[in-house]
Amino acid sequence: MRGGGLREPAPPTSAGHRPISEARRMTMRATLRPGKIGVVVAFLVTAAVGYFADRQNHAVYREQARAEVAVNLGRIRAAIESNINSNIQLVRGLVAVIATDPSMDQARFEAITSALIGEDSQLRNIAAAPDLVIRLIYPLVNNEKAVGLDYMRHAAQRDAALAAMNQRGMVLAGPVDLVQGGRGFIGRIPVFLEDDAAEDGSTMARPWGLVSAVIDVDRFYEESGLLRDDLPIRVALMGRDADPSDPTVFFGDAAVLAADPVVADVSLPRGGWRIAAVPREGWKETPPDALRFRALLVLAALAIVLPVGVAGHFYDRHRAHSRALAARESEMRILSQRLRLALETSKIGVWEVDLDTGEMRWDERMKELYGIPADVTPDAVAHWKAKLHPDDREQAVAEFEESAASGSTYKSVFRVVQPDGSARWVRTIGATHRDPAGHRLALGVNWDVSDDVQRKSQLIEAKRSAEMRNRELEEARRQMEHDSLHDSLTGLPNRRFLDERVGRDGAGSVPSAMLHIDLDRFKHINDTLGHAAGDAMLVHAADVLRRNTRESDIVARIGGDEFIIATMGPTSTAGLTALAERVIEEMRRPVPYQSHECRFGASIGIAVGDGADASSTKQLLIDADLALYRAKNRGRNRYEFFDASLKAEIVSNKILADEILTGLERREFLPYFQPQFDARTLDIVGVEALARWRHPTRGILAPGAFLATAEELGVVPLIDRIVLEETLWQSARWAAAGIVIPRKSVNVSAGQLQDGALIDRLRDLPITPGELSFELLESIFLDEGSETATSNIARLADMGIDVEIDDFGTGYASIVSLLQLRPKRLKIERRLVTPITHAAHQRRLVASIIEIGKSLGIAVVAEGVETMDHAAILDELGCNVLQGYAFAAPMSSDDLIAFVRAERWRAARHGTDAGSREAAAG
């Protein structure tokens, strides 16, 4: 130990522990540093001065540019005025000569003007027009067209000529298009002659005519400097015909006027022009020396701002260092106070050991942890070792010595024996270091962790208990999972097992085949002997299946009395056949149950797969189910393989079903009508409406082609409804055509008769009482009939709709049923009618049916009358109505109208046999 006492380490400085208000104050101070403010002010002032100087530089440059343009423009204006005036002066001299010699001829005129117009003259020609008609012109060559021009008749030049005469002065026009070709400026000067003096002594002037001079435009422009290639400006001339108010540009680019040009006036005799100019390259906004000027401004600004910034920076650093030093001192005081409070409240003891001498120093809290009186001073490591629990002493000392030797962090947990013999758990942590004198010291802390150790022990026990409960729950979950995938009665896998485990990717191989087994007569056993007997049969069936399958195969119960065998290994048709035969054979054997011997069989559908994937497994189950369906339809207690013919049949039925539904949407179903004849008079007494399908590709189809599929789809009532509606509509057509059909019969299915809403739907149809009959199959009417059917039949009678029994003699109707129903007619089935021509007993049977009808007051209709011999016999037996191919085949409504009008059936009775069915159909 050094310094006579324990030294507490200085707390580290941490900006994160600064109070919030102090941090804010320091942030505000840093933001408002005087050095920064000085730099900002200096920068703003220099920036403002530099901006103003740059703007002034731009303004001076622009004024200089406009002055240069004005100088160049002045030179051009002076050249223009000089050229115009020199040309006019020449002409004025000619005017003076004409005034003294008004009768000069062309020769004299040429002699005078040739002296005025030289080779380099801008004057193109000069003409004299006495009485405003050009008579004299020089040069005459190439100007012959101008001779004889009458200004008074030339609209383009008349106004200018008259203006010159009226103003008695020169008028400059142009540029204009010349009669002799080309363009030029035309100066017109009037000529007046002086008369003798008047009575008052004044002289009179009378007009002689005009002298006009044409100034060549191109030469004028060239000699005025307007066409120079090195001209530094672009020029635009305005004021056609010397009218300065005319804005029309007759020379140069009109765009000059929109570019803020320098403008000057050109003075002309009696008028003027306006001339505008801009630099050839346009006005430049930036002076050529702008970059250099700005660079000088930046250098000047830096010369001002940098010294100010440097001085401000050092000033701010000095202030910041002063504030930081004060803040650190404040933080040190705060942290020292916090450390003292933390040590006091947390009961943490601080220790220090001199590793070279073994001397030790504890604070008061260390004494409290180890149960040492306050007046005792433990000063050696031996005192610490003595207080350690015997069971922990060796490990704790070894960990301390290892840390001291290696210089690593010392960490340990051990028990300390208290004066009362109890133990206290203590956690220690320490580190080694060297003091300024070079001594190796270990400094650390101790604190009581007895509560933590106790809680840890409790947590360990709780964890052990939780793990045990988890194992129990996992076992229960596994059992529940097993139960959810297996049948509770037989212990076999169930349907869910097949869906989730068989054939799934990664869950094993795909089945090579599936056998779908359905128990025959199982329902009878279940209903007669009870569910307990049924359960016993199911357990027996499961045992049979297990015994006859391989260990790798899967046997499952997927329904009440349905089982599946999924063969998971290689198999063959022969092997599957043998398996199915064994299962059927064993299932046939009687099964004793209590005092009964129960017998049942099995129907099996077999499907062989390709072992491709999970989707093929699902299809395999579907195919096996279809094969089972065929096996049950073919007599039960047998097996059937799914093959291509069954698949084709299924596909064909699916296509037919789709076509039927589409045909209903497109109204492709319609009635054909077979007439019914009075047996004695052969008058038509009615027609039977028979359903037909106008197939888009197969033509007209009879019910045998679609009725079975329609029944499976449940759409027979819809077809019956269509036939009924169409029959009523055709009946209206017949009446309009003068065709009388007393009665129309339509077939009604058992499903319609059981429909409670049947009568309500019929009320919406235009049914005439007494003209419509519903034909009902005999097999519908057992003695114990449906209340709904009985009610509907009674309500049909109230609506005036008769009821006929169709196919009588093939069903189960009793005499009691006939008495209850009271139908209007009985129809003898065709299979009973056909043999009467050659079988006496069959003829007696038909006669009996006719007698029953007569005795009950029911008319009898014979269908299937194929020949006139049939018709004669039935007439003799007393049959009321005949229907068959001997008279007419079923036909469309249009054909029926033609048939009735032709009455061909009457000749058949007195002639030969009507022929075969095909002939009658034709």
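The values are calculated or read from the model by the stated rules, or taken from the named source; none is laboratory data. What you see is a predicted model, and the numbers here were worked out from it, not measured in a lab. Cβ: placed from backbone, ideal geometry, glycine included. Neighbour counts: every protein chain shown. For accessibility, only protein heavy atoms count, side chains too; no ligands or nucleic acids. Shrake-Rupley method; radii C 1.70, N 1.55, O 1.52, S 1.80 Å.
The table below gives the values:
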read-out	value
Residue pairs meeting the criteria (Cβ under 8 Å; at least 6 apart or on separate chains; first in contact (Cβ under 8 Å) with a residue 24 or more places away in the chain, in segment 209-236; second among the polar types (S, T, N, Q) and part of a strand (DSSP E or B))	Ala213/Asn125; Val214/Asn125
Helices (runs of 4 or more DSSP H) wholly inside segment 358-423 containing at least 3 residues that are under 15 Å from Ala442 (Cα atoms) and open to solvent by 20 Å² or more (accessible area, probe 1.4 Å)	390-406
Which numbered condition Ser267 fails, given (1) open to solvent by 70 Å² or more (accessible area, probe 1.4 Å); (2) assigned to a loop (DSSP other than H, G, I, E, B); (3) in contact (Cβ under 8 Å) with a residue 60 or more places away in the chain	(2)
Any hit, segment 626-644, residues being aromatic (Phe, Trp, Tyr), more than 26 Å from Asp499 (Cβ to Cβ) and open to solvent by less than 70 Å² (accessible area, probe 1.4 Å)	no
Among (1) in a loop (DSSP other than H, G, I, E, B); (2) closer than 30 Å to Leu162 by Cα; (3) of a type in the set (D, E, K, R) - the single one Glu285 does not satisfy	(2)
Of residues in segment 881-922 being modelled with pLDDT of 80 or more, assigned to a loop (DSSP other than H, G, I, E, B) and more than 18 Å from Thr837 (Cα to Cα), the one nearest to the chain's Cα centre (by Cα)	Ser892
Failed item in (1) assigned to a strand (DSSP E or B); (2) out of contact with any strand residue (DSSP E or B) (no Cβ under 6 Å at 6 or more places or on another chain), with Arg496 passing the rest	(1)
Matching option when the condition is over 22 Å from Ser82 (Cβ atoms) and modelled with pLDDT of 85 or more, among Gly148, Gly181	Gly148
Single match in Arg464, Arg427 (criterion: within 18 Å of Trp362 (Cβ to Cβ), among the basic types (Lys, Arg) and at pLDDT 90 or above)	Arg427
Near pairs, Cβ below 6 angstrom, 6+ apart or cross-chain, from segment 768-795 (closer than 30 Å to Trp734 by Cα and modelled with pLDDT of 75 or more) to any residue that is open to solvent by less than 50 Å² (accessible area, probe 1.4 Å) and part of a helix (DSSP H, G or I)	Asn792/Leu753; Asn792/Leu758; Arg795/Ile759
Selection count, segment 725-736, where residues are open to solvent by 10 Å² or more (accessible area, probe 1.4 Å) and either polar (S, T, N, Q) or within 28 Å of Leu661 (Cβ to Cβ) (or both)	6
Odd one out for Leu227, checked against (1) in contact with a Phe, Trp or Tyr (Cβ under 8 Å, 6 or more places away or on another chain); (2) surrounded by 15 or more Cβ atoms within 10 Å (Cβ to Cβ); (3) not charged (D, E, K, R)	(2)
Filtered residue count, segment 560-585, keeping only those that are assigned to a strand (DSSP E or B) and under 17 Å from Arg547 (Cβ atoms)	5
Tally of residues being open to solvent by less than 10 Å² (accessible area, probe 1.4 Å) and in contact (Cβ under 8 Å) with a residue 40 or more places away in the chain across segment 872-892	7
Restricting segment 283-324 to residues that are among the hydrophobic types (A, V, I, L, M, F, W, C) and over 20 Å from Tyr51 (Cβ atoms), the residue that is surrounded by the most Cβ atoms within 10 Å (Cβ to Cβ)	Ala320
Lone qualifier among Ala710, Ala750, Ala705, Ala735 - being within 22 Å of Ala898 (Cα to Cα) and among the aliphatic types (A, V, I, L, M)	Ala735
Selected residue [in a helix (DSSP H, G or I) and over 26 Å from Tyr629 (Cα atoms)] from Arg546, Arg471	Arg471
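Residues are listed down the side, and each one gets a yes or a no for (1) touching a residue at least 40 places away in the same chain (Cβ under 8 Å); (2) under 30 Å from Leu231 (Cα atoms); (3) crowded, with 21+ Cβ neighbours inside 10 Å:
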position: Arg66; (1), (2), (3): yes, yes, no
position: Asn72; (1), (2), (3): yes, yes, no
position: Ile80; (1), (2), (3): yes, yes, yes
position: Ile84; (1), (2), (3): yes, yes, yes
position: Val95; (1), (2), (3): yes, no, no
position: Asp105; (1), (2), (3): no, no, no
position: Arg124; (1), (2), (3): yes, yes, yes
position: Asp131; (1), (2), (3): yes, no, no
position: Ile137; (1), (2), (3): no, no, yes
